[in-house]
Amino acid sequence: DTGVSQDPRHKITKRGQNVTFRCDPISEHNRLYWYRQTLGQGPEFLTYFQNEAQLEKSRLLSDRFSAERPKGSFSTLEIQRTEQGDSAMYLCASSSSGEGAHQPQHFGDGTRLSIL
Amino acid sequence: SQKIEQNSEALNIQEGKTATLTCNYTNYSPAYLQWYRQDPGRGPVFLLLIRENEKEKRKERLKVTFDTTLKQSLFHITASQPADSATYLCALRYSSASKIIFGSGTRLSIRP
C-alpha cells in the first residue's frame, strides 16, 4: 500500500493560465474524490468517481473545472483560466466501495495552488 | 443546507489530561459520522467512524460518542500527549452514495 499520491505538491501560476493536477489512488480502490481546502476550513467536496464514471459534482465546480478518470485508475483535475479565488489546497482521496459507506477515505497530501 | 460546527478556537490541554472536542450539526442526522486528524501541510487521516445507531465507539485512547437527539458528537483523547497536537475534523455522510461534508476543524495543542 503506497498510499494516495498527488502531483505536483505545489503549483504557482499566473492568473488566467490553465493548470492540471494528477492523483494516483490506492490501486485496489474504485472510488476517487476531489476536495478543495482553504486555510482554516475543512475540505470541500468537488467531485467523485466510481471507477471511470463521474457520479457527483458539486455546485462549487464551475465550468472552468473539469475532472477525468479515463481508465478508472488515476485522475486529473484541470482548472482553466485560473482566478485568484482558485488558490487553495486540492486534495484527492480514494476508498473502496466494499461493505456500505463505512470505507474510510484515504487522502493524499494535496497540491497547493497559488495564483499570482 | 447542512451545517457542521466545531470549536473554532484552538484547544490547549495539559499533557496527560483528556481532550474533548465537540461537533454539532443541524438538520437531519447522518448515517455515519467520522473523525479525521490533519497535520499542517498534510492530508486528513481517518481515525474513527460511528453509525447513527451506535452511541459510542472506542479505539485505543480515542473515544467517540454520537447523540442524534442533541445532534452532537464528542471526540475524546485520553492520556493526551504532545504528539496528539493536530487539527481534528468532524465529517458527516448521509448514505453510501453521498459525499462527505467536513467541519472546519478544531486545532488541538497538548503542552508538556
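The values are calculated or read from the model by the stated rules, or taken from the named source; none is laboratory data. In this text, all values refer to a predicted model and were calculated from it rather than measured experimentally. Neighbour counts run over all protein chains shown; Cβ positions are idealised from the backbone, glycine included. Calculation scope for accessible area: heavy atoms of the full protein, side chains included, ligands and nucleic acids excluded. Shrake-Rupley method; radii C 1.70, N 1.55, O 1.52, S 1.80 Å.
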Q. Out of the residues in the stretch B:12-49 that are more than 16 Å from the chain's Cα centre (by Cα) and among the small types (Gly, Ala, Ser), which is farthest from the other protein chains (Cβ to nearest Cβ)?
A. B:16
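Which ones in the stretch B:56-72 are outside any strand (DSSP E or B), exposed (fewer than 12 other Cβ atoms within 10 Å of the Cβ) and charged (D, E, K, R)?
Listed by number, the list holds a single entry, B:60.
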(Q) As an exercise: evaluate residue A:50 against (1) touching a residue at least 40 places away in the same chain (Cβ under 8 Å); (2) polar (S, T, N, Q); (3) open to solvent by less than 30 Å² (accessible area, probe 1.4 Å) and give the number of the one condition it does not meet. (A) (3)
Q. Has the stretch B:80-87 got any residue that is open to solvent by less than 40 Å² (accessible area, probe 1.4 Å), more than 29 Å from residue B:14 (Cβ to Cβ) and hydroxyl-bearing (Ser, Thr, Tyr)?
A. no
**Q.** Which numbered condition residue A:106 fails, given (1) open to solvent by 50 Å² or more (accessible area, probe 1.4 Å); (2) out of contact with any Phe, Trp or Tyr (no Cβ under 6 Å at 6 or more places or on another chain); (3) without any contact (Cβ under 8 Å) to a residue 24 or more places away in the chain; (4) not charged (D, E, K, R)
**A.** (3)
Q) In the stretch A:57-97, what residues are at positive phi and at pLDDT below 90? A) A:72
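Residue-wise test of (1) assigned to a strand (DSSP E or B); (2) modelled with pLDDT of 95 or more; (3) in contact with a Gly (Cβ under 6 Å, 6 or more places away or on another chain); (4) at the interface with chain A (Cβ under 10 Å from one of its Cβ atoms).
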site	(1), (2), (3), (4)
B:76	yes, yes, no, no
B:83	no, yes, no, no
B:89	yes, yes, yes, yes
B:92	yes, no, no, no
B:95	no, no, no, yes
(Q) Give me the strands (runs of 3 or more DSSP E) completely within the stretch B:1-53, filtered to those with at least 1 residues that are open to solvent by 40 Å² or more (accessible area, probe 1.4 Å) and either farther than 13 Å from residue A:42 by Cα or at pLDDT below 95 (or both), ordered by residue number. (A) B:4-6, B:11-14, B:19-25, B:45-51
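Listed here are the residues, each with its yes/no results for (1) open to solvent by 60 Å² or more (accessible area, probe 1.4 Å); (2) among the small types (Gly, Ala, Ser); (3) touching a residue at least 12 places away in the same chain (Cβ under 8 Å).
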residue: A:36; (1), (2), (3): no, no, yes
residue: A:55; (1), (2), (3): yes, no, no
residue: A:59; (1), (2), (3): yes, no, no
residue: A:66; (1), (2), (3): no, yes, yes
